[in-house]
Amino acid sequence: MSQKPLLQVKGLCVEFSTRRGNVQVLNHLDLHLDPGEALGIVGESGCGKSMTALSIMQLIPVPPGNISAGQILLNDTDLLQLSEKHMQDIRGNDISMIFQEPMTSLNPVFTVGTQVSENIRRHQSATRAQAREKTIQILEAVGIPVPELRIHQYPHELSGGMRQRVMIAMALCCQPQVLIADEPTTALDVTIQAQIFDLLRQIQTEMGTAVILITHDMSVIAEFADRVVVMYAGSKVEEGMVRDIIDTPRHPYTRGLISCVPFLKKDPGTEREELNEIPGVVPDMSQLGVGCSFAPRCNYVMEKCYLEKPPEVRLGDNHHAHCWYVEEAK
Amino acid sequence: MTTMQPAEAVFVPDRPLMEVWRMFIANKAAVFGLVLWAFIVLTAFLGPMVYTVDPFDLVGAPMSPPGEELLLGTDYLGRDILAGIIHGASVTLAIGFAATAFTVIIGIIIGVLAGYYGGWVDNLLMRFTEFFQVLPALLFAMVLVALFSPSIYLIVLAIAVVSWTGIARLTRAEFMKIKEREYVMAERAMGAGNLRIMWQIILPNSLPPLIVTMALSVGVSILFEAALSFLGLGDPNAYSWGYMIGSSREYIWESWWSVTFPGFAIFLTVLGISLIGDGLNDALNPKLRRL
Amino acid sequence: MSAQPLLKVDNLKTHFTLSKPHPFATPQVVYAVDGINFEIERGKTFGLVGESGCGKSTTALSVLRLVEPTSGSVVLKDTDVCQLNRKELQRFRGNMQIVFQDPYSSMNPRATAGEIIRSPLKILKIGTAQEQHDRVGELLKLVGLRPEQRNLFPHQFSGGQRQRICVARALAPNPDFIVCDEPVSALDVAIQSQILNLLVRLQKELNLTYLFISHDMAVVQHICDDIAVMYLGKIVEKADRRSLFMDVKHPYTQALLSAVPTIDVELQQKATHLEGDVPSPIDPPSGCYFHPRCPRAEARCVKEEPLLREILPNHWAACHLI
């Protein structure tokens with residue numbers, strides 16, 4: 001970590017008020033993103049990974065949501081202190097986001113060309129003709145064949161993969177420093193998923209855009225990200241370089257997450273081995289105790305785990321875990 | 001780690017009906033409608049026992065204004081308006097409910113068949129429905145009643161015949177939506193027949209919007225009966241609020257009270273049921289439910 | 001496959017005719033399933049894998065006649081499912097059951113877990129009310145739930161528990177054969193392994209036979225004994241699991257495998273990715289359906305449709321270049 005991080009999230013707490021009381025969906029979260037880096041955030045649904053993305057974009061519905069503490073620093077500017085108007089400039093210009101379902105994220109009544117060029121004109125001063133030209137350029141850049149024709153098509157006339165490319169084009173048209181991709185390929189087939197990741201990788205290396213990839217799939221992280229943050233119940237449980245996490249996961253949850261999923265092997269063998277299981281289910285966020293939220297499902301649980309928040313245990317330069325068991329083992 | 005461990009249920013919210021009730025009573029207007037209706041229904045059932053004056057009896061001077069002899073005055077024949085309103089409540093409500101019941105029966109049968117089977121069955125039934133939809137409802141009902149002698153049964157039937165189309169279309173739309181759900185496929189995979197799928201699986205799941213429409217339909221039927229009576233096509237032997245308005249129509253300038261009070265009763269009744277319908281609509285709509 | 005197979009699917013075709021935009025238009029036909037053959041031995045799992053729109057789910061539903069096949073035969077034990085009339089088919093459904101992808105949408109939201117599991121028994125009139133009640137309790141235990149949970153509604157369970165209920169419902173009439181249509185794709189990663197292990201354990205205990213539909217190569221590799229890869233309504237490659245993954249023949253299967261993200265560094269490096277989208281099954285390409293995306297396509301592939309041939313013992317592929 002020689003260079004200064006591009007984006008820093010410090011002690012971020014997000015609450016949602018529900019009928020059953022306030023629910024803390026993010027609990028003192030710390031993150032950082034270096035320029036040009038690919039950071040993966042992984043966890044089960046409800047672990048707060050999408051909430052992290054929405055908080056950075058400040059797209060949380062308020063109320064019921066509320067950012068109750070923390071800082072989100074983009075190049076030393078605290079985004080939480082900005083006005084909504086100012087934030088609108090940041091969104092799309094400095095930080096862009098692409099979502100899981102490209103069909104619902106595009107407006108069905110306008111052609112894709114209109115939508116992309118409108119987006120360009122919103123952030124940059126350009127004439128209609130210039131914006132159109134830029135649209136064609138950028139659609140070509142994201143690998144859409146014959147963009148001159150595609151700009152006249154409506155979202156439903158495009159395949160899922162093409163729609164996601166259009167979304168990426170819209171996200172990129174102002175050359176943002178950060179691109180947040182929230183499960184960008186969950187709705188797509190594997191061969192299309194591979195194409196989209198090739199594209200994202202190309203953007204990252206050629207344009208130097210830092211990417212935050214949010215996913216539930218550890219193998220996607222393994223293929224794409226440089227560094228990974230594992231989240232559980234609104235907190236970070238482990239963080240490190242991808243290879244370190246996959247080869248030597250330390251937190252019991254990370255271990256479970258890696259060993260419970262079948263991974264493609266060259267030789268599947270003749271015998272079917274049983275998969276590991278993480279027993280139980282993700283806890284109800286309104287009923288978290290004071291200690292480690294993973295404790296009820298953990299195989300290495302100790303009495304201490306229920307009583308006290310686990311400390312951050314440093315395991316290497318970039319590798320740390322939040323766990324009493326790891327602390328003891330060290 | 002490999003031992004199977006019975007997992008706990010994550011959270012236990014209330015039963016669906018309780019949830020609906022909670023949403024409903026949170027809506028002030030709906031609760032007002034419900035209170036209004038409780039009062040009207042109570043009047044219909046208990047009123048005649050408490051206030052035993054026969055509404056057909058001539059109990060006072062004709063057209064005596066309210067407050068002089070009787071609380072709400074008398075009509076052009078000297079009949080007690082208050083007695084009419086109290087005794088007319090049950091007749092009016094009965095017409096509203098009976099007409100709605102027929103409306104629902106015709107509408108649901110046609111809607112279910114059209115929505116479930118689709119294809120030519122749907123085509124045929126929907127053209128049939130459209131035929132009824134394009135007829136001017138009041139005119140058609142008037143013709144029906146005028147052709148035969150106006151009796152309360154005929155009026156109920158006439159109202160049902162002109163108003164079932166909405167329920168039919170709604171039921172059809174719900175069926176077309178729900179029959180594509182995976183649990184319907186799952187039922188078929190278990191060997192369920194068409195009858196079970198139609199009536200035991202899809203229909204209960206399409207009830208929420210139907211219930212709302214049924215509630216509103218009660219109000220519409222009451223208004224319809226009033227309109228027919230106003231035009232002189234009411235049943236002269238059934239003392240409904242509509243009949244009261246209809247019979248005093250010609251004396252509206254001389255005795256405003258003989259038309260206004262029953263009119264007000266109808267207004268409150270329809271208002272109440274509309275508020276209840278709106279409340280149900282919000283309560284049954286899962287999208288509006290809070291977290 | 002010397003033993004008598006439990007299920008034999010022969011030349012199964014399911015075509016859909018789209019509704020015409022105007023009465024004089026030529027009707028458009030979707031060849032969703034176009035001549036599929038496979039057999040499954042008792043106690044084995046057969047996997048059908050492919051991208052969306054390849055016809056794998058339609059195949060599954062056609063085998064159960066939840067979608068009416070256009071032609072072909074499906075013989076389960078000694079009964080040709082395609083020849084049964086409506087009443088016979090309803091009664092026969094007790095022998096073949098299905099677990100759907102999304103457990104929540106495949107359960108009647110107004111019924112309790114107990115009613116849901118009991119419904120096949122009720123429909124098929126198996127046992128007395130008391131026997132049915134006991135059986136539901138037994139089934140709940142079998143899938144790792146508690147009998148007291150029978151009174152809860154679907155929305156009161158977690159995703160994994162819901163899929164357990166669906167598995168219990170499928171098991172209720174004691175079927176030999178169960179179709180699993182993407183049974184874990186809608187579940188959280190940590191829950192997938194619970195359900196996969198449950199399916200494997202039940203298969204061993206009850207000697208069940210599965211037809212397992214999935215888009216996930218890693219899951220298929222884990223759970224299936226024999227695997228067929230589908231593309232645009234046809235099987236392009238079919239083999240037992242070892243021979244399929246160790247010795248991939250068809251270029252499409254190769255492409256599919258290299259697209260799957262994995263934590264295996266060795267597999268990651270030699271990835272080559274396909275270009276373009278899956279063509280529309282309404283208007284499929286000429287010759288080999290895969291030729292527009294195939295990196296090795298030749299002139300012959302454009303003209304001539306390759307047939308599924310046995311290239312190695314029990315390893316079939318449909319490609320001119322092998």
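Numbers below:
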item: Among (1) modelled with pLDDT under 90; (2) farther than 23 Å from residue A:258 by Cα; (3) among the hydroxyl-bearing types (Ser, Thr, Tyr) - the single one residue C:209 does not satisfy; result: (1)
item: Total residues in the range A:184-212, condition away from chain C (no Cβ under 14 Å), outside any loop (DSSP other than H, G, I, E, B) and not polar (S, T, N, Q); result: 6
item: Some residue of the range B:111-134 being open to solvent by less than 20 Å² (accessible area, probe 1.4 Å), out of contact with any Cys (no Cβ under 9 Å at 6 or more places or on another chain) and in a loop (DSSP other than H, G, I, E, B); result: yes
item: Residue match in the range C:124-141 (condition: among the charged types (D, E, K, R) and facing another protein chain (nearest Cβ under 9 Å)); result: yes
item: Criterion (farther than 19 Å from residue B:214 by Cα, in contact (Cβ under 8 Å) with a residue 60 or more places away in the chain and buried (at least 16 other Cβ atoms within 10 Å of the Cβ)) met by exactly one of B:36, B:93, B:72; result: B:72
item: Yes/no for residue C:159 being closer than 21 Å to residue A:282 by Cα and more than 9 Å from chain B (Cβ to nearest Cβ); result: yes
item: Candidate set: the range C:204-232, residues that are within 19 Å of residue C:170 (Cα to Cα) and open to solvent by 10 Å² or more (accessible area, probe 1.4 Å); chosen: the one nearest to the other protein chains (Cβ to nearest Cβ); result: C:204
item: From the options C:147, C:154, residue that is of a type outside the set (D, E, K, R), open to solvent by 30 Å² or more (accessible area, probe 1.4 Å), away from chain A (no Cβ under 12 Å) and under 23 Å from residue A:277 (Cβ atoms); result: C:147
item: Criterion: closer than 30 Å to residue C:253 by Cα, within 11 Å of chain C (Cβ to nearest Cβ) and open to solvent by less than 70 Å² (accessible area, probe 1.4 Å) - qualifying residue of A:268, A:283, A:279; result: A:268
item: In the range C:249-265, residue modelled with the highest pLDDT [restricted to those that are more than 7 Å from chain A (Cβ to nearest Cβ) and surrounded by fewer than 20 Cβ atoms within 10 Å (Cβ to Cβ)]; result: C:254
item: Flag if residue C:186 is farther than 24 Å from residue A:186 by Cβ, of a type in the set (A, V, I, L, M) and either open to solvent by 10 Å² or more (accessible area, probe 1.4 Å) or touching a residue at least 24 places away in the same chain (Cβ under 8 Å) (or both); result: no
item: Any hit, the range B:140-149, residues being more than 14 Å from chain C (Cβ to nearest Cβ) and touching a Gly at 6+ places or on another chain (Cβ under 8 Å); result: no
item: For residue A:142: the one exception among (1) away from chain C (no Cβ under 12 Å); (2) closer than 23 Å to residue C:279 by Cβ; (3) modelled with pLDDT of 85 or more; (4) crowded, with 21+ Cβ neighbours inside 10 Å; result: (3)
item: Unique match (being crowded, with 20+ Cβ neighbours inside 10 Å and small (Gly, Ala, Ser)) among C:137, C:160; result: C:160
item: Considering residues of the range C:284-322 that are in a helix (DSSP H, G or I) and either more than 27 Å from residue A:143 (Cα to Cα) or among the β-branched types (Val, Ile, Thr) (or both) only, the residue least open to solvent (accessible area, probe 1.4 Å); result: C:302
item: Selection count where residues are open to solvent by 40 Å² or more (accessible area, probe 1.4 Å) and either in contact with a Lys or Arg (Cβ under 8 Å, 6 or more places away or on another chain) or within 11 Å of another protein chain (Cβ to nearest Cβ) (or both), scope the range B:196-222; result: 3
item: Entirely in the range A:23-136, the strands (runs of 3 or more DSSP E) that have 1 or more residues that are under 23 Å from the mean Cα position of the chain (by Cα) and surrounded by fewer than 18 Cβ atoms within 10 Å (Cβ to Cβ); result: A:65-74
item: Residue B:172 open to solvent by 10 Å² or more (accessible area, probe 1.4 Å), assigned to a helix (DSSP H, G or I), out of contact with any strand residue (DSSP E or B) (no Cβ under 9 Å at 6 or more places or on another chain) and within 13 Å of chain C (Cβ to nearest Cβ); result: no
item: Scope the range C:233-248; condition at the interface with chain A (Cβ under 9 Å from one of its Cβ atoms), open to solvent by 10 Å² or more (accessible area, probe 1.4 Å) and either under 28 Å from residue C:283 (Cα atoms) or in contact with a strand residue (DSSP E or B) (Cβ under 8 Å, 6 or more places away or on another chain) (or both); matching residues; result: C:241
item: Filter result for residue C:264 (farther than 27 Å from residue A:144 by Cβ and in contact with a Phe, Trp or Tyr (Cβ under 8 Å, 6 or more places away or on another chain)); result: yes
item: Answer from A:147, A:184 - the residue that is of a type outside the set (D, E, K, R) and touching a Leu at 6+ places or on another chain (Cβ under 7 Å); result: A:147
item: Subset of the range C:30-71 (residues that are part of a helix (DSSP H, G or I) and open to solvent by 10 Å² or more (accessible area, probe 1.4 Å)); result: C:56, C:57, C:58, C:61
item: Residue satisfying condition, being touching a strand residue (DSSP E or B) at 6+ places or on another chain (Cβ under 7 Å) and over 24 Å from residue C:170 (Cβ atoms), within set C:55, C:35, C:50; result: C:35
item: Test: residue in the range A:173-183 that is open to solvent by 10 Å² or more (accessible area, probe 1.4 Å), part of a loop (DSSP other than H, G, I, E, B), within 9 Å of another protein chain (Cβ to nearest Cβ) and closer than 20 Å to residue A:45 by Cα; result: no
item: Residue in the range C:15-29 that is open to solvent by less than 20 Å² (accessible area, probe 1.4 Å) and either in a strand (DSSP E or B) or in contact (Cβ under 8 Å) with a residue 24 or more places away in the chain (or both) present; result: no
item: Some residue of the range B:255-277 being within 30 Å of residue A:20 (Cβ to Cβ) and not aliphatic (A, V, I, L, M); result: yes
item: Any hit, the range C:274-291, residues being under 23 Å from residue C:47 (Cα atoms), within 11 Å of chain A (Cβ to nearest Cβ) and more than 26 Å from the chain's Cα centre (by Cα); result: no
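The values are calculated or read from the model by the stated rules, or taken from the named source; none is laboratory data. No experiment lies behind these values; they were computed from the predicted model shown. Every residue, glycine among them, receives a Cβ derived from its backbone with ideal geometry; neighbour counts consider all protein chains shown. These accessible areas exclude ligands, DNA and RNA; they are computed on the full protein's heavy atoms, side chains included. Shrake-Rupley method; radii C 1.70, N 1.55, O 1.52, S 1.80 Å.
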